[in-house]
Amino acid sequence: MQKSWKRMLRYGLTSMLAITMLAGSTGLAGAQAEQTIHFTGYFDKSLRAQMANTADSFPVVNVRLVKANEPDMVYYDVGTSILISKDEVLTNYHVVQEFAELSGGDKGTLMVASPGALNQAVKAKIVKTDSVTDMALLKLDKPIDAEPVKFADARDNQVVYTIGFPKNPSGDLVILDDDFPSTYNTIAKSRVFSALASEVPGKVGIGSIVKAMAQGNSGGPVLDQNKQVIGMMTFVYGGRTYFISSKTLQTFVKEAAVPAKKPVVVAGKVAN
């Protein structure tokens with residue numbers, strides 16, 4: 001990035017009250033250093049070490065945009081993702097929406113990197129999106145050396161952990177083509193308020209945790225105490241953070257793997 005260019009950073013969780021655009025490689029052998037993580041809540045030494053290793057499975061996502069009518073301005077969307085295979089991640093649709101909807105003449109790049117190896121960012125492309133449920137599946141140009149996640153079901157009142165890339169305590173975000181900040185991501189402890197939430201109009205297949213997470217966690221995981229994914233953070237409403245359930249996430253991934261049916265011509269007619 002040219003240092004003389006202006007930058008516009010966008011990050012955060014979507015809000016049902018005021019929707020904001022987001023602004024959410026590794027190595028099992030070289031897990032993220034604990035001192036580069038901002039922990040909120042009590043984590044003993046053993047748990048900190050476990051979470052530092054676990055964090056490699058939740059890469060940062062950067063969308064970099066240069067608009068045709070603003071050639072001296074660089075726009076960034078920063079979010080989080082969930083590694084479901086060595087070369088596939090899930091994130092929120094609103095994290096990559098600007099990239100998915102590029103206008104003619106605008107230029108964009110979509111990059112993903114694990115916190116354990118930010119200097120090994122890989123390009124990604126969008127495979128499938130669902131704007132209603134706020135999900136996007138990305139295919140990476142090359143594999144990331146981290147462990148793909150396992151899924152589990154949420155339970156009311158269970159202790160959970162969240163991982164995301166909001167601003168760090170110094171107010172910095174992770175921009176992959178710039179100098180990296182001293183702390184990259186935030187890991188927080190919380191609790192499930194509702195495993196199956198029904199109080200948000202028009203939303204199904206979601207759950208909630210008891211507190212509103214900081215902006216920048218979009219696309220990040222909600223983990224149980226076995227470090228399994230019970231959901232993906234998506235928006236804040238009424239002081240709580242809502243997540244897309246693991247069942248909804250897995251259904252989305254399975255549907256993406258099913259080839260689209262081609263129409264078959266039978267006796268002059270088209271049959272599906």
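Sorting ILE37, ILE126, ILE82 on the 10 Å Cβ count, fewest up front, what's the list? Don't skip to the end; give the middle numbers.
Working: ILE37 20, ILE126 16, ILE82 24.
Taking fewest neighbouring Cβ atoms as first place, the list is ILE126, ILE37, ILE82.
If you wrap a convex hull around the C-alpha atoms of the range 166-239 and split its volume per residue, what is the figure in Å³?
118
Please report the orientation-averaged projected area of the range 48-104, defined via the convex hull of its C-alpha atoms, in nm².
On the way: hull surface 21.2 nm².
Averaged projected hull area, Cα only: 5.3 nm².
Determine, for each peptide in 175-181, 40-46, the mean count of other beta carbons within 10 angstrom over its residues, then list the peptides with the highest first.
On the way: 175-181: 15.3, 40-46: 10.9.
So the peptides 175-181, 40-46, ranked by packing, come out 175-181, 40-46.
Assuming R0 = 35 Å, can you tell me the calculated FRET efficiency for the pair SER46 and LEU196, based on Cβ-Cβ distance, to the nearest 0.05?
0.65
Count charges around VAL160 for me, please; just the other residues with Cβ under 14 Å from its Cβ, Lys/Arg as +1, Asp/Glu as -1.
With Lys, Arg at +1 and Asp, Glu at -1, the neighbours total +3.
Report the Cα centroid-to-centroid distance between the range 54-81 and the range 138-182 in angstrom, as an integer.
14
Could you give the spread of the C-alpha atoms of the range 30-177 along their three principal axes, from largest to smallest, in whole angstroms?
Taking max minus min along each principal axis of the Cα atoms, the range 30-177 gives 51, 33, 30 Å.
Longer than 18 Å from Cα to Cα, which of LYS86/LYS142; LYS45/LYS227; LYS139/LYS167; LYS107/LYS142; LYS128/LYS211 are they? Say none if no pair is.
Among LYS86/LYS142; LYS45/LYS227; LYS139/LYS167; LYS107/LYS142; LYS128/LYS211, the Cα-Cα distance tops 18 Å for LYS139/LYS167; LYS107/LYS142; LYS128/LYS211.
Quickly rank 242-248, 65-71 as a protection proxy: mean count of other C-beta atoms within 10 Å, highest first.
Peptide ranking by packing, descending: 242-248, 65-71.
If you wrap a convex hull around the C-alpha atoms of the range 1-257 and split its volume per residue, what is the figure in Å³? Provide the component values of the computation, followed by the final result.
On the way: hull volume 30.9 nm³, N = 257.
Per-residue hull volume (Cα only) is 120 Å³.
In a shell of Cβ-Cβ distance under 13 Å around PHE193, excluding PHE193 itself, what net charge do Lys and Arg (+1) and Asp and Glu (-1) give? Present the calculation step by step, with values, prior to reporting the outcome.
Working: positive: ARG155, ARG191, LYS211, ARG240; negative: ASP156, GLU199.
Cβ neighbours under 13 Å give a net charge of +2.
Where a number appears in this text, it was derived from the coordinates with a stated rule and is not lab data. From a predicted model like this one, the values you see are computed outputs, not experimental measurements. Counting neighbours? That spans all protein chains shown, and the Cβs are built from the backbone with ideal geometry, glycine included.
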